[in-house]
1. What is the number of the single condition among (1) under 17 Å from Leu3 (Cβ atoms); (2) surrounded by fewer than 12 Cβ atoms within 10 Å (Cβ to Cβ); (3) of a type in the set (Ser, Thr, Tyr); (4) modelled with pLDDT of 95 or more that Ser70 does not meet?
2. Go through (1) under 14 Å from the mean Cα position of the chain (by Cα); (2) at pLDDT below 90 for Thr102 and report which single condition fails.
3. Test of understanding: among Leu85, Leu25, which residue is in a helix (DSSP H, G or I), aliphatic (A, V, I, L, M) and either in contact with a strand residue (DSSP E or B) (Cβ under 6 Å, 6 or more places away or on another chain) or at pLDDT below 95 (or both)?
4. Does any residue of the range 12-22 turn out to be in a strand (DSSP E or B) and loosely packed, with under 15 Cβ neighbours inside 10 Å?
5. What number of residues within the range 28-50 are more than 9 Å from the chain's Cα centre (by Cα), closer than 24 Å to Ile89 by Cα and in a helix (DSSP H, G or I)?
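The values are calculated or read from the model by the stated rules, or taken from the named source; none is laboratory data. Please read all numbers here as calculations on a predicted model, not as lab measurements. With ideal geometry, Cβ positions are generated from the backbone for all residues, glycine too; neighbour counts draw on all protein chains shown.
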Amino acid sequence: MVLLEFSMSPLDKGESLSQYVARSLDIIDRSGLPYQLTPMGTIVEGEWEQVMALVTACYQTMSQDCNRISTSIKIDYRAGKRGRLKSKIGAIESKLGRTLST
């Protein structure tokens with residue numbers, strides 16, 4: 001199972017990019033994969049092929065009208081482990097003995 005964190009944005013569309021990022025989030029939300037949106041990117045959980053296909057779909061959509069795209073990807077693979085979007089945070093909260101503001 002893979003946790004994939006990525007951000008993708010056009011570099012040729014000025015200062016406000018939310019309309020372009022929103023199209024990617026629509027693809028991610030409709031994928032059915034568990035995900036977490038953050039102010040700096042999105043974390044998706046799934047099998048390698050699923051998460052990479054999702055990144056590809058976002059790229060293909062953005063490249064339709066963007067001539068320069070910046071993409072950052074970070075991947076954490078762990079065999080057989082599901083639900084890590086929440087369990088990784090839960091493990092830290094357990095060690096601290098309190099709920100974190102996430």
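1. (1)
2. (1)
3. Numbers: Leu25 fails: either in contact with a strand residue (DSSP E or B) (Cβ under 6 Å, 6 or more places away or on another chain) or at pLDDT below 95 (or both).
One residue alone meets the criteria, Leu85.
4. Keep residues of the range 12-22 that are in a strand (DSSP E or B), which gives none.
Checked against the condition, which is being in a strand (DSSP E or B) and loosely packed, with under 15 Cβ neighbours inside 10 Å, the range 12-22 yields no hits at all.
5. Applying the first criterion (more than 9 Å from the chain's Cα centre (by Cα)) to the range 28-50 yields 29-34, 39-40, 46-50.
If we keep only those that are closer than 24 Å to Ile89 by Cα as well, we get 29, 31-34, 39-40, 46-48, 50.
Right, trim to in a helix (DSSP H, G or I) and you get 29, 31, 48, 50.
So the count comes out to 4.
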